[in-house]
Amino acid sequence: MESRVQHTAEHAFIGALQKLLDRTMQVRKVEHSKDGNTAFIVIPQLDIDTVVKAEKMVNSLISEGRAVKTKSFPSLEDAKKEIPGLRANEARISGEVRVVEIENHDVAACAMEHAGNLSECGFFLVTRLSKKGNEYEVDFVVGQQAKEIAVAISAKLLKVCEELGANLNTVENTAKKVKSDGQNNLKKLKALSKEKLAGILPQTRGQLTVFKGSFSNLADEQLMEFAGEKITSAKTVVVLSNAGPDSAYLTFARSNDLDLDCNKIFREVAGPDGRGGGKPHFVTGIIDKDKAAAIIDKIADTVLSHG
Ligand SMILES: [Zn+2]
């Protein structure tokens, strides 16, 4: 596609980052497609606030209508002699070198085509910042596409505000609060689940001990943790279910000194009312919540009949 304008905006953006961070940026590559553009920047740290400052700088340069000039040098070495700290994708440049200058803003060696003036970019918008390995990916759009996406993003944000019962001023804090409330509630639920599971009275037959229980609205992770702890004791089996709104979660586990195939027993007992599996000594699955108690009882009976 014709990416002259998008590409020129990228020069302005990288130049803005260089000014803000006071370092020469290393751009590994830039991809252009009809859906947008991505710059792959090799840098240890890049945050949203810096990117937004650079974005603002680019848009004011666009409004000012900064000229874009090109100059040729016989080689990259010659260009670097005249312009110390020149940014260049050296792997791609050989022989004669074109140096592109955005008037009083940025200079870079580049073989691609450029707009004659930054005003051709119209509007510059960053749509994503993410870290992958040792580099950051910055998605951006330009011109009419940027205007349309800006409207779409603001619509999305307004809907998020509506969903959270927040406004543009409070939405960040509201989102943080929702997140921390969720984490705190989970912590409480786990503590309560632990208490409830600790109240199970084990059944014994000979040397065999079976912890059995059908619960609802506990934290699934806690069932797994409980089972993991109990089966470190000799000749111990744990079979638990935990009903949620639609189905029940099942954990079925045994200590290593028992010769029971939990997978096989689970499949035979639950049949079409269960799915899941795991290792011969530790199974997790989803079962029909109305049949959960019956399935748990039957598994426990099967285990006890082996003992
Ligand atoms: Zn270029």
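No other residue among ASN117, ASN104 is more than 14 Å from the ligand (Cβ to nearest atom), polar (S, T, N, Q) and farther than 18 Å from LEU20 by Cα apart from ASN117. Of the residues that make up segment 1-11, is at least one within 15 Å of the ligand (Cβ to nearest atom), surrounded by 13 or more Cβ atoms within 10 Å (Cβ to Cβ) and of a type in the set (A, V, I, L, M)? So far as segment 1-11 goes, yes, one or more of its residues are within 15 Å of the ligand (Cβ to nearest atom), surrounded by 13 or more Cβ atoms within 10 Å (Cβ to Cβ) and of a type in the set (A, V, I, L, M). Inspection of segment 83-100 finds no residue satisfying the criterion of being closer than 30 Å to LYS131 by Cβ, in contact with a Gly (Cβ under 6 Å, 6 or more places away or on another chain) and not basic (Lys, Arg). Scanning segment 83-101 for residues that are more than 12 Å from the ligand (Cβ to nearest atom) and modelled with pLDDT under 80, we see that the one that is nearest to ILE62 (Cα to Cα) is GLY85.
Considering only residues in segment 31-48 that are over 22 Å from LEU118 (Cβ atoms) and under 19 Å from the mean Cα position of the chain (by Cα), the one that is surrounded by the most Cβ atoms within 10 Å (Cβ to Cβ) turns out to be LEU46. Residues satisfying the criterion are absent from segment 248-271 (criterion: buried (at least 19 other Cβ atoms within 10 Å of the Cβ), over 21 Å from LEU304 (Cβ atoms) and among the polar types (S, T, N, Q)). In summary, VAL42 fulfils each of the numbered conditions (1) away from the ligand (no atom under 15 Å from the Cβ); (2) under 20 Å from GLU148 (Cα atoms) with the single exception of condition (2). Please enumerate the residues belonging to segment 145-171 that are assigned to a helix (DSSP H, G or I), surrounded by 11 or more Cβ atoms within 10 Å (Cβ to Cβ) and among the β-branched types (Val, Ile, Thr). Once the filter is applied, which keeps residues that are assigned to a helix (DSSP H, G or I), surrounded by 11 or more Cβ atoms within 10 Å (Cβ to Cβ) and among the β-branched types (Val, Ile, Thr), segment 145-171 yields ILE149, ILE153, VAL160, VAL171. Would you be able to say whether some residue in segment 65-82 is surrounded by 13 or more Cβ atoms within 10 Å (Cβ to Cβ), within 22 Å of LEU20 (Cβ to Cβ), at pLDDT 85 or above and not hydrophobic (A, V, I, L, M, F, W, C)? Scanning segment 65-82 turns up at least one residue that is surrounded by 13 or more Cβ atoms within 10 Å (Cβ to Cβ), within 22 Å of LEU20 (Cβ to Cβ), at pLDDT 85 or above and not hydrophobic (A, V, I, L, M, F, W, C). Within the bounds of segment 131-140, is there any residue that is part of a helix (DSSP H, G or I), over 30 Å from HIS306 (Cα atoms), more than 16 Å from the ligand (Cβ to nearest atom) and within 33 Å of the chain's Cα centre (by Cα)? No - not one qualifying residue is present in segment 131-140. Annotation: of all residues in segment 193-214 being surrounded by fewer than 14 Cβ atoms within 10 Å (Cβ to Cβ) and either in contact with a Leu (Cβ under 6 Å, 6 or more places away or on another chain) or in a helix (DSSP H, G or I) (or both), the one that is modelled with the lowest pLDDT is ARG205.
The values are calculated or read from the model by the stated rules, or taken from the named source; none is laboratory data. Note that the structure is a prediction, hence the values are computed from the model and not measured. We place every Cβ from the backbone using ideal geometry, glycine too, and count neighbours over all the protein chains shown.
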